[in-house]
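Engineer: First, the structure itself, so that you have it in front of you.
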Amino acid sequence: MTVRFVLPPSWPTLVGADLSELSTQATTIGQALTWLVDQHPIFGERIFDGERLAPWTIVCLNNTHILDLDTPIPAGDHELQIIPALVGG
């Protein structure tokens, strides 16, 4: 199984790298996100609030909103989207 990340357009500039082909073999959402932060620590504060998913971050697996980091990733190829919540009014 392969999990390909779909990241916010501004994130590659944070690390100065092309992230379009970034993928992992993780089996849970939490493992996938931890792997991403291990590769690019600057993303940690954008994804996590302590040990939890940050309230300003939306994570979707194949366009399905995920709230639980222990959510398993089924066999096959998948896209994991990370969407920063927009604030304002």
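The values are calculated or read from the model by the stated rules, or taken from the named source; none is laboratory data. No experiment lies behind these values; they were computed from the predicted model shown. Note: ideal-geometry Cβ built from the backbone for every residue, glycine included; neighbour counts use all protein chains shown.
Engineer: Of the residues that make up segment 1-14, is at least one of a type in the set (D, E, K, R) and buried (at least 17 other Cβ atoms within 10 Å of the Cβ)?
Structural biologist: No, there is no match, as no residue in segment 1-14 is of a type in the set (D, E, K, R) and buried (at least 17 other Cβ atoms within 10 Å of the Cβ).
Engineer: Of the conditions (1) in contact with a helix residue (DSSP H, G or I) (Cβ under 8 Å, 6 or more places away or on another chain); (2) of a type outside the set (Phe, Trp, Tyr); (3) in a strand (DSSP E or B), HIS65 fails just one. Which one is it?
Structural biologist: The one condition HIS65 does not meet is (1).
Engineer: Of the residues in segment 45-61, how many are surrounded by 17 or more Cβ atoms within 10 Å (Cβ to Cβ), hydrophobic (A, V, I, L, M, F, W, C) and not in a strand (DSSP E or B)?
Structural biologist: Residues meeting the conditions: 1.
Engineer: Can you say whether TRP56 is closer than 19 Å to GLY16 by Cα and either β-branched (Val, Ile, Thr) or touching a strand residue (DSSP E or B) at 6+ places or on another chain (Cβ under 8 Å) (or both), as far as the supplied structure shows?
Structural biologist: no
Engineer: Taking the residues in segment 8-34 that are touching a residue at least 24 places away in the same chain (Cβ under 8 Å), touching a Pro at 6+ places or on another chain (Cβ under 9 Å) and part of a loop (DSSP other than H, G, I, E, B) as candidates, determine which candidate is farthest from PRO74 (Cα to Cα).
Structural biologist: Ranking the candidates gives PRO8 first.
Engineer: Can you find a residue in segment 35-44 that is surrounded by 14 or more Cβ atoms within 10 Å (Cβ to Cβ), aliphatic (A, V, I, L, M) and part of a loop (DSSP other than H, G, I, E, B)?
Structural biologist: No.
Engineer: Let me ask you something else. Are any residues in segment 68-89 touching a residue at least 60 places away in the same chain (Cβ under 8 Å) and part of a strand (DSSP E or B), and if so, which ones?
Structural biologist: Residues satisfying the conditions are ASP77, HIS78, GLU79, LEU80, GLN81, ILE82, ILE83, PRO84.
Engineer: Taking segment 24-37 as the region of interest, how many residues are farther than 15 Å from PRO8 by Cα and within 12 Å of the chain's Cα centre (by Cα)?
Structural biologist: Looking only at that region, the number is 9.
Engineer: Is it the case that ASP18 is among the acidic types (Asp, Glu) and either surrounded by 10 or more Cβ atoms within 10 Å (Cβ to Cβ) or modelled with pLDDT of 90 or more (or both)?
Structural biologist: The answer is no for ASP18.
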